[in-house]
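The values are calculated or read from the model by the stated rules, or taken from the named source; none is laboratory data. Quantities reported herein were computed from a predicted structural model and do not represent experimental measurements. Here the Cβ positions follow ideal geometry from the backbone for every residue, glycine too, while neighbour counts run over all protein chains shown. What goes into the accessible areas is simple: the full protein's heavy atoms, side chains included, and nothing from ligands, DNA or RNA. Shrake-Rupley method; radii C 1.70, N 1.55, O 1.52, S 1.80 Å.
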Amino acid sequence: MHRSTSGTRRACAVGTTIALVGLTTGLGVFGVQAASADTLTDTTTATAAATAPATPSTDQPSPSSSASPTASATPTDAPTATAGTAAPAPSSTPSHHPAATPSAPRATDPSSTASPAVPTPVAAPTVTLSTTAPTVGKPLTATVTGFTGTPTFTWTNSAGTTLQTGTSASFVPSAAENGTTITVTAEDTDGDSATVTSAAVTAPAEFSEHTSQSDPLELSVVAGQSLSHVFSAAGDPTPTYSVGWFYQDDADAAADDPTYTPDTQLPDHTTLSADGTLSGTPEFATTYDFTVVADNGSGTSTEYVEVNVEAAAAYGVEVYTTDKGKIDDDTTTSWIIDPDGHISTEVDTVVEQDPDGSTWAVGTITDGGTPTIHQGGTLVVAGGLVDQYGNEVDEADGTFVEPTVTSDYASDVVKADDGLGGTDVTFPHASTHHLTVSADAFSTAFPVEVVPNAATVAAITPTATTATGELAFTGSETTRALPWALGLLMAGLGVTGLRIARRRTER
């Protein structure tokens, strides 16, 4: 068997050293051919040589590529490595060896600083609801993220009943779902799924009647009779009730007057409880407009209401009288005589006059007094049937009962006043006179103090006052007297708007 010489063994040792250096440099840019069995027959000798210094002996030539049986596998243009020096990278990679990838260093290279690639995490599929507090009749919408395909939505309630299945992401709870929770599960064809559950479904407050300002709920009651009506709105939780403004103008006015609240719109002597019961015994006959607002925290509902309080049965005749000659004054005095003969005194003071000539007055009413006028002066008297609360009473056909006025003095001149809508009574003699105002089977009598006035007595003759009923010109300006006449007509029975305001204030 042929054995290798010592020179050959040294050449093999040097070649092995060069190969080890190439492997430990971390460059990973060239391959190393495996030694053949013939080249390294003496393993122990080769290993010892690899651990020795890499400097070749001076008396031996550098190994050539022909020193190794594997030299023919190396390209002819590859440079020869010298001992102790890293071999340069070959100019090309042999076709039988895969090319090295610079971006992927060898795992055994301890000098590499590149970190291994970390996979990007994929977001887990989720589903959320547009609200966690759903209400009956309002859409509940699901929003999904992280799904690769188009999901299918399955809606169920807390009882496990399937309510809806499909690609629709919205569901509208019905009254049947009130009090239950809603669960939606989203799932696509790739097997991704997500689930979310809402809180219990609630039902917002809602009145069964659909009302408006132009078409309110109408209620009627007679003055002095009990009014009771229960307002009821559906909803869960159970709604509570309060009075709201019927007109926005009233709400705006209330901003400047803290005493003016929505409750002032209710009929006098009535209240609305939190459970929706309107009750009381109204006395002032008129029309009342207000709203009732139901609120249960899940929503509000408004009902427009109109209550008509009608006058009760006729009780007597109420009278309103004033000195016709002083209607133009900035301060005027009038008297109100109740059916039982009780007298109240009203003093009106003009506080503003608009450019168009209309006037506004502030009045006060005090208990007691007697109608008083100077001799020769004229009282204008108005009156009519009222119920026991002072409300005007019409005939069954709705017409106004015109009263008649008489005096216990035959010399007094009694004449209809077409301009002011009442009856004029002129007093030529000074003394205490008694007037009686009658309508149907009722009448009211009251005294009038006529104060002596010599100048007035001389200006009036009995013939003028008793035969023709002509009255001396008083100097009254028709345009200024007109508001008083309109007040009589609007209030009926001569009860002016000031008295109406007083009654409402005294509720």
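Annotations for the structure displayed:
- Karplus (6.51, -1.76, 1.60) ³J(HN,Hα), θ = phi - 60°, over region 152-165, in Hz, Gly and Pro reported as x: 9, 9, 10, 9, 9, 9, 5, 7, x, 7, 6, 9, 6, 9
- Local net charge near ALA274, Cβ-Cβ under 14 Å (Lys/Arg +1, Asp/Glu -1): -3
- Amide proton proximity set for ASP268, modelled H, under 5 Å, gap of 5+: GLU283, PHE284
- The modelled label-to-label distance between ALA410 and THR238, using points 7 Å beyond Cα along the C-beta direction, is 7.6 nm.
- Relative to the current alpha-carbon distance between ILE365 and THR349, full extension at 0.36 nm per residue lengthens the span by 4.6 nm.
- Of the accessible area of region 162-298, computed with a 1.4 Å probe over protein heavy atoms only, carbon and sulfur atoms account for 47 percent.
- Charge sum, other residues only, whose C-beta stays under 15 Å from VAL136's C-beta, Lys/Arg counted +1 and Asp/Glu -1: -2
- Nearest-0.05 FRET efficiency for ASP394 and ASN453, computed from C-beta distance (R0 30 Å): 0.15
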